[in-house]
Each structure stands twice: as structure tokens, then as C-alpha cells.
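Here the structure comes first, spelled out in C-alpha cells, and everything after it is commentary.
The values are calculated or read from the model by the stated rules, or taken from the named source; none is laboratory data. Just so we're clear, the structure is a prediction, and the values are computed from it rather than from any experiment. Here the Cβ is made from the backbone with ideal geometry for all residues, glycine too, and neighbour counts use every protein chain on show.
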Number of protein chains: 2
Amino acid sequence: MRTTGDTRARILTAATELFRRQGYTATGMKQILATAEATYGSAYHFFPGGKTQLGEEVIRASGAAYQGLIAELFQGEGDPAETTAQAFTGAAQTLLDLDFADPCPVATIAMEVSGTNEALRLAGAEVFASWTEALAAFYGSRGIAEPRTTATAVIALLEGAFMLGRASRSTAPVLDAAPAAAAVVRAAAGPPSVGG
Amino acid sequence: MRTTGDTRARILTAATELFRRQGYTATGMKQILATAEATYGSAYHFFPGGKTQLGEEVIRASGAAYQGLIAELFQGEGDPAETTAQAFTGAAQTLLDLDFADPCPVATIAMEVSGTNEALRLAGAEVFASWTEALAAFYGSRGIAEPRTTATAVIALLEGAFMLGRASRSTAPVLDAAPAAAAVVRAAAGPPSVGG
């Protein structure tokens, strides 16, 4: 028998799936509730802030999940540049496994609503900051100079490569970004380059 | 007096502005036509394919404009890594000048519709490919190894940094990405790294 706890979780799962597949704006409460097999009454009981509250919770829950993934992928005593490149190679495989659907709704929602929905923009900004912090903690622990700057650039590279990969239905941009990300980490780790 | 040529251009300009400010899905034909001071009759005369055709034309026109900007920014005989870093610094200023509105509708539309509108996904993919080609031509002319791979990574880095910058209403991600982009170019230009 379904409990009320189930209903809340089902609504969140349905919203997460629909937001990442078709975007936030294109997704209506009606479709979320039909997918979750929930009623309007239960939706507004659990999410009195409506679709914006659902958007915020989806962003924060996905953000926390990916922060955990970052902590899991970025650890160990190997070359941090190699660890970074391997995370990108793994991300390319994820993109392929998902048939180029966005694995994570945060970026899509952030792009859609950065200019129009301040609550969701802020939730996205907090998530990106939490990822940067998790990655910077790893780089800092491995003696990388300016770990925050490096972490920001690596996350930007991953997000941008995902965007290009989804648009072209190809893993090539994410695979191309793997050695580039390693180069960014190596430049921060190594002796000053003679090139510039 | 307004001519029919004016009407077509006004509709395209209005659609471009609205798509980049609030996204493709959130923008209806009604709002586009009100902003353009145009009628439904003229819209379907010039754009019989409706909003999807408008989306495609906006993506292609913006894509061509930015391809021209890439050709303009990436030239000259200076250090190509420095030229790349300067382009990022300039992009950060653009983001600030626009009060963190997306300067370009291509990425937002690509993120929104990659999974749901094949015509627009393809238009976005063609635009990203044209940018990569323009940038690869520059890197190739400057003797960078694997110019396409390098160009793809640099464009991914710029797009991702813009996304983080818009979400956080800060130029920091784009400024952080500037030395990272230079490092990517330097790694492709220089002798093999000893790091890995």
C-alpha cells in the first residue's frame, strides 16, 4: 500500500525525470502529477510553493547527489590530472548510456530560468558552488595551486562539454574535454609554463 | 513607412531577444508578435514553419554572428594561448555589460530542446560545429596540435563558464576559465607534458 511518504517521493522523482528530459518550463504540474499518479491535493499539501518549490527541491536534491558523486570520483592518491581526465571519460560513457538525455536537471534549469526565476537561479548557484567546493577540497588536498579557480574551470568545462555533446548527440566533446581538463589541472600543479 | 522586409526583421529581432532572455519554451508567438508589432498573418507569411522555424532562424543567425566574432577575436600573430585568455576576459565584460543576461540564445535553446525538438537540436549542433571549425582554423594556422580537439574544449569551457556566471550573477567563472583556456592551448602547443 502506498503511503504519503511515497507520494512525496513519487512527485519529486517524476519532476526530476521530466525537468531533465524536457526542461522546466515545458513541464506542467498536470504532467508531473499524471506521471507520479498523484493528485493536485497531495501536490499542494507536500509542495505548497507549487512548481517553483518542486524546481528548487529537484535542483537541491540533484545537486547533493552530484556533490556525492564528485566526492566519490575525486579521491585517492593518483595523479590528480589523470583522476580528472578519468572522470570526464566516465561522464562520456554516462551520456552514451542515457542516449544523450541530460543526466542532471540542474544545468538545464539554470540556463532556462537564470534570467526569470530568482529562487531557482539561487538554488542553481548554490549547487554549482557546492560542486566547486567539493572539487576544490580534492585539488587543495593534492597541493594544486588555486584549487577553487581550478575547480571552477573544470566544472565549467564539464558542463559545457555536456551541452555540446547533447546538442551533437556525440560523446566527442566530452572525450575532447578530458585531456583539456587534465591540462588545466597540470598547469595549476606544475612548474610555471615557459609558453607565456 | 514600414516595409514587409522590416516586418520579417522585426519578428526575428523580437524572437532573438525573448529567446535569450526567457528561453524558447517560455516564449509564445503571441509575445513575439506583440514585441515586434506584427500580426499573426505576417508571421505565418514569413515563417510558415511557425515557432520552430523562428527558433531555427534565430539559432542560425546568432550562430553566424558569433562565428564572425570568433574570426575577429582569434587572429593575429600573438601567443595563441594569450589571445584565447583575452577572448575570455572580453566575454566576462560582455556578461557584466548585459547584467548577466545570456548574450546568445543558442546555448539556452540547445539545452532546453536537445531532447525534444530534433530540428532545433540539429541547428544548434551545426552552429557549435561552425564555431569549432572557425576556432580550429585559427589554432591550426598557429601550429597547435589537434586544433579541432583544442577548439572543442575551449568552446565547451566558454559555454560552461557562461552558464556558471549567469547562475551566480558573477564574472568570476569566466575570469577563472581564462587562464584555464590558455593552459589548454599551451598544452596542445607545447612539448609533451612530463606529468602523465
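Restricting attention to region B:89-132, the residues being at the interface with chain A (Cβ under 9 Å from one of its Cβ atoms) and aromatic (Phe, Trp, Tyr) number 2. Taking the stated definitions as given, is B:Ala182 over 17 Å from the mean Cα position of the chain (by Cα), at pLDDT 95 or above, facing chain A (nearest Cβ under 7 Å) and closer than 23 Å to A:Ala153 by Cα? When the stated conditions are applied, B:Ala182 passes them. Give just the number: which of (1) of a type outside the set (Gly, Ala, Ser); (2) out of contact with any helix residue (DSSP H, G or I) (no Cβ under 7 Å at 6 or more places or on another chain); (3) within 12 Å of chain A (Cβ to nearest Cβ) does B:Leu69 not satisfy? Tallying (1) of a type outside the set (Gly, Ala, Ser); (2) out of contact with any helix residue (DSSP H, G or I) (no Cβ under 7 Å at 6 or more places or on another chain); (3) within 12 Å of chain A (Cβ to nearest Cβ), B:Leu69 fails exactly one: (3). Of the helices (runs of 4 or more DSSP H) entirely within region A:1-94, those holding at least 2 residues that are over 23 Å from the mean Cα position of the chain (by Cα) occupy A:4-22, A:29-36, A:40-46.
Just one of the numbered conditions (1) within 8 Å of chain A (Cβ to nearest Cβ); (2) in contact with an Asp or Glu (Cβ under 9 Å, 6 or more places away or on another chain) is not true of B:Ala172: (2). Exactly one residue out of B:Leu120, B:Leu164 is more than 19 Å from B:Ile70 (Cα to Cα) and free of Cβ contacts under 8 Å to residues at least 24 places away in the same chain: that is B:Leu164.
The one condition from (1) small (Gly, Ala, Ser); (2) in contact (Cβ under 8 Å) with a residue 12 or more places away in the chain; (3) at the interface with chain A (Cβ under 7 Å from one of its Cβ atoms) that B:Gly190 does not meet is (2).
Checking each residue of region A:133-141 against the condition of being among the charged types (D, E, K, R) and more than 9 Å from chain B (Cβ to nearest Cβ) gives at least one match. Within region A:23-43, the set of residues being free of Cβ contacts under 8 Å to residues at least 60 places away in the same chain and either under 21 Å from A:Glu118 (Cα atoms) or touching a strand residue (DSSP E or B) at 6+ places or on another chain (Cβ under 7 Å) (or both) comprises A:Ala26, A:Thr27, A:Gly28, A:Met29. Please verify whether B:Val154 is under 17 Å from B:Phe74 (Cβ atoms), crowded, with 17+ Cβ neighbours inside 10 Å, modelled with pLDDT of 95 or more and within 17 Å of the chain's Cα centre (by Cα), treating the condition exactly as stated. Yes.
Sub-7 Å Cβ pairs linking a first residue in region B:139-150 that is in contact (Cβ under 8 Å) with a residue 12 or more places away in the chain to a second residue that is part of a loop (DSSP other than H, G, I, E, B), at least 6 apart or interchain, are B:Thr150/B:Ile144, ordered by first then second residue.
Just one of the listed residues (A:Leu157, A:Leu135, A:Leu175) is within 21 Å of A:Val106 (Cα to Cα), out of contact with any Leu (no Cβ under 8 Å at 6 or more places or on another chain) and not acidic (Asp, Glu), and it is A:Leu135. Scanning region A:108-131 for residues that are small (Gly, Ala, Ser) and at pLDDT below 85 yields A:Ala110, A:Ser114, A:Gly115.
Scoring A:Thr108 on the criteria (1) within 28 Å of A:Pro80 (Cα to Cα); (2) under 12 Å from the mean Cα position of the chain (by Cα); (3) in contact (Cβ under 8 Å) with a residue 60 or more places away in the chain leaves a single failure, condition (1).
Picking from residues in region B:23-46 that are within 14 Å of chain A (Cβ to nearest Cβ) and out of contact with any Gly (no Cβ under 7 Å at 6 or more places or on another chain), the one that is farthest from B:Ile59 (Cα to Cα) is B:Gln31.
Residues are listed down the side, and each one gets a yes or a no for (1) of a type in the set (Phe, Trp, Tyr); (2) surrounded by fewer than 18 Cβ atoms within 10 Å (Cβ to Cβ); (3) over 15 Å from the mean Cα position of the chain (by Cα); (4) not in a helix (DSSP H, G or I):
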| residue | (1), (2), (3), (4) |
| --- | --- |
| B:Ala119 | no, yes, yes, no |
| B:Val127 | no, no, no, no |
| B:Phe138 | yes, no, yes, no |
| B:Ala145 | no, yes, yes, yes |
| B:Gly160 | no, no, no, no |
| B:Met163 | no, no, no, no |
| B:Leu175 | no, no, yes, no |
| B:Ala178 | no, no, yes, no |
| B:Arg186 | no, no, yes, no |
